[in-house]
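Quick note: the coordinates plus some simple rules give every number you see, no bench work behind them. Nothing here was measured: the structure is a model prediction, and the numbers come from that model. We place every Cβ from the backbone using ideal geometry, glycine too, and count neighbours over all the protein chains shown.
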Amino acid sequence: MDDDFDRISQCSRDPDDEFFLVPDSEEVKRLRESVEQLSTFVSTLEVKNIELENAKKLRGQEIEFKDRLVQKKETQMDTLRKEAKQRENKINAEVRRLNEVIESLNKQSQDLTKENRKLGSEVAEVKRCEQEKNQQCNSLESSNGQLKEQLKAKKDEVGKLKEEIMAMKSKIAQHERDARAHEAAAAAAAAAEKAAAEAAVAAAEAEKKEALEGRRNGTSPPKPTYAQVAQRQNIVELARSKQKENDLTSENTSLKAELKQARSDLAANTEEMSKQAARITDLENQISKLQSLRDQLKAELTAANESLGKQSDELNATIKAQSREIQQFKEKDAEAASESKRSNDEIRRMTEAMEGVHLQLNAAQDECGCLKAKLTEANKETKKVRDQLQHQTQRMERMQKEVDQITSQVDSSTVPSHVAAEAAHIQNKYKSEVSRIMRENPSCIPIRCVRAENCASSYALLEKKKFAAPKDMTLSRFNEHIRQKLKLRPDEPLSVYVETSIPLPKSEALEDIHNICKGLDGFLHLKYSHVSDRA
């Protein structure tokens with residue numbers, strides 16, 4: 001940038017600040033001073049006029065800006081109210097929807113709780129039925145074992161009864177054989193007794209006849225013979241055998257009675273055995289039925305356990321899914337609550353912002369009132385300035401007439417021709433210089449920087465007072481450039497400013513300052529000093 005300035009600063013071809021090439025006479029000096037005073041006065045009036053117009057424009061822009069600001073604030077307030085109302089309605093609708101969802105979730109949760117309780121009662125009932133069936137199976141197994149033991153005992157009893165019956169049958173057969181032998185012996189004995197009796201009767205009758213004959217004859221009876229003795233012994237044995245036969249007959253009768261009793265006992269035992277066999281068959285049928293019932297109960301219990309396991313798995317899966325849904329709904333409820341809280345906070349902030357905007361609006365309205373009062377005063381002051389300007393314009397016209405007279409005098413033959421040419425040169429020099437600078441440097445603006453009157457004498461004069469600065473250059477950078485040209489130390493203060501009462505733009509760009517504060521000659525007149533222009 002320094003190289004650009006050094007190159008651009010060559011637009012000032014005169015080493016000094018003055019533009020005269022010939023020695024000045026007293027009259028020319030006075031004319032020049034008069035022209036400079038008139039130019040300065042005209043510049044001041046134009047600057048004042050520009051400042052007044054700019055002040056009017058700024059005042060109008062300020063009032064318009066205030067009006068637009070008030071309208072904008074009111075529009076923003078209305079928009080905020082509408083948005084707050086819409087947001088509140090939306091939040092209320094969302095809250096109602098969330099409340100409905102929560103109520104439906106609570107109902108679903110209650111229904112699920114009831115269903116879970118019902119399923120729990122059903123599971124408890126099924127478990128109770130399972131326990132009862134297990135108890136029944138256990139009781140059936142125990143009764144089956146008891147029946148098996150009873151069947152085994154009955155079989156043992158039947159075996160014993162069969163053995164007793166076989167023994168009874170053998171005994172009956174023995175008794176029958178004995179009875180038949182006794183009957184045969186009795187028949188033989190009866191035949192022998194009958195023969196012996198007949199012989200004894202015959203012998204007795206013979207003896208009796210002999211005895212009768214002996215008595216009749218009066219002789220003693222003869223001695224018995226051996227045959228007679230044997231016959232008598234046979235008669236005694238016959239009597240004994242008959243007695244024995246009677247005993248055998250009575251014994252046979254008793255044996256027949258015993259046989260009859262044994263046969264009746266055998267029939268009773270046979271009937272009892274048939275009953276026991278029927279009972280055993282019934283017990284076996286009952287055992288088979290109980291076994292089939294046990295198998296059926298086991299199959300039913302297995303199927304019930306499988307179905308209960310499936311139902312339990314399904315219920316657990318349903319409960320887990322419902323728990324996840326309930327958790328999701330709870331999370332949504334928490335999110336909705338947080339969203340409602342954020343919305344309430346947003347509404348509160350918007351309400352506070354609306355209150356602040358309302359306060360700002362009131363302050364803006366108060367400020368607008370103050371500005372209106374100031375505008376009234378400014379209008380009055382403007383009227384005064386307009387009157388003064390009119391007075392100054394009249395004075396300028398008079399001075400212009402004097403200048404014209406002086407110019408006419410300069411143009412007359414009483415003034416040397418070189419003085420008239422120099423005056424014309426003074427009038428056109430600034431404009432031609434600005435035109436040349438702008439023509440050679442279209443992207444730059446012409447600047448004329450001199451030392452201020454209140455500047456310390458230790459601050460040197462610039463070798464070249466005219467500059468062509470880039471349009472995008474700021475005043476602070478130009479200040480640094482002047483500091484480098486003056487070769488100041490960092491602790492030495494320097495202020496480059498525009499000596500004018502016109503409000504400067506907010507931007508520090510030299511182009512913006514030039515557009516507002518340039519002089520009639522087209523230069524932007526700056527001054528530098530060790531103190532600020534506000535000091």
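The label-point distance for residue 436 and residue 113, in a model that sets each label 7 Å from Cα toward Cβ, rounds to 10.1 nm. Amide H to amide H, with H built 1.01 Å from N, residue 462 comes under 5 Å of 451, counting only residues 5 or more places away or on other chains. Between beta-carbons, use under 12 Å as the cut-off and find the net charge around residue 373, counting Lys and Arg +1, Asp and Glu -1. Here the count lands on 0.
Rounded to the nearest Å, what's the spacing between the alpha carbon centres of segment 423-500 and segment 261-311? Just the number, please. For segment 423-500 versus segment 261-311, the Cα centre distance is 133 Å. Here the gap between residue 132 and residue 188, fully extended at 0.36 nm per residue and compared with their Cα-Cα distance, gives a gain of 12.2 nm. Measuring r between the beta carbons of residue 457 and residue 381 and using R0 = 30 Å, the FRET efficiency lands at 0.15. Label positions at residue 480 and residue 298, each projected 7 Å from the Cα along the C-beta direction, are separated by 10.4 nm.
3J(HN,Hα) couplings calculated from phi for segment 64-71 with the Karplus curve 6.51 cos²θ - 1.76 cosθ + 1.60 (θ = phi - 60°) are, in sequence order, 4, 5, 4, 4, 4, 4, 5, 4 Hz; Gly and Pro show x.
In this structure, the pairs whose alpha-carbon distance is over 19 Å, taken from 431/465; 383/518; 57/384; 127/298; 429/464; 48/465, are 383/518; 48/465. Positive end of the dipole of segment 145-314, charges at C-beta (+1 Lys, Arg; -1 Asp, Glu), about the Cα centre: which of 288, 264, 192 has its Cα farthest in that direction? So the residue we want is 192.
Each residue of segment 494-499 is assigned a 3J(HN,Hα), and the resulting list reads 8, 10, 10, 8, 9, 8 Hz, derived from the Karplus form 6.51 cos²θ - 1.76 cosθ + 1.60 (θ = phi - 60°), x at Gly and Pro. Distant-in-sequence amide contacts of residue 494, defined by a placed amide H-H separation under 5 Å and a gap of 5 or more residues or a different chain, comprise nothing.
Subtracting the Cα-Cα distance of residue 163 and residue 195 from their residue separation scaled by 0.36 nm leaves 6.8 nm. Amide H to amide H, with H built 1.01 Å from N, residue 471 comes under 5 Å of 445, counting only residues 5 or more places away or on other chains. Which shape class applies to segment 145-314: rounded if a/c is under 1.5, otherwise prolate when a/b exceeds b/c and oblate if not, where a ≥ b ≥ c are the square roots of the Cα gyration tensor eigenvalues? Because a/c hits 1.5 or more and a/b exceeds b/c, segment 145-314 counts as prolate. Taking label points 7 Å from Cα along the Cα-to-Cβ direction, residue 278 and residue 472 give a separation of 13.0 nm.
Note on residue 169: lysines with a C-alpha under 29 Å away, same-chain residues under 8 apart excluded, are 152, 154, 155, 160, 244, 256, 260, 275.
Under a Cβ-only charge scheme (Lys and Arg +1, Asp and Glu -1), can you give me the dipole magnitude of segment 29-171 about the Cα centre, in debye to the nearest 20? That gives segment 29-171 a dipole magnitude of about 160 debye. A Förster radius of 22 Å combined with the Cβ-Cβ distance from residue 72 to residue 507 puts the calculated FRET efficiency at roughly 0.40.
Taking 0.36 nm per residue of sequence separation and removing the Cα-Cα distance, the residue 254/residue 488 pair yields an extension gain of 66.9 nm. Phi-derived couplings, Karplus 6.51 cos²θ - 1.76 cosθ + 1.60 at θ = phi - 60°, listed residue by residue for segment 506-515: 5, 6, 8, 5, 5, 5, 5, 5, 5, 5 Hz, with x used for Gly and Pro.
Here r is the Cβ-Cβ distance between residue 95 and residue 351 and R0 is 22 Å; the resulting FRET efficiency, rounded to 0.05, is 0.80.
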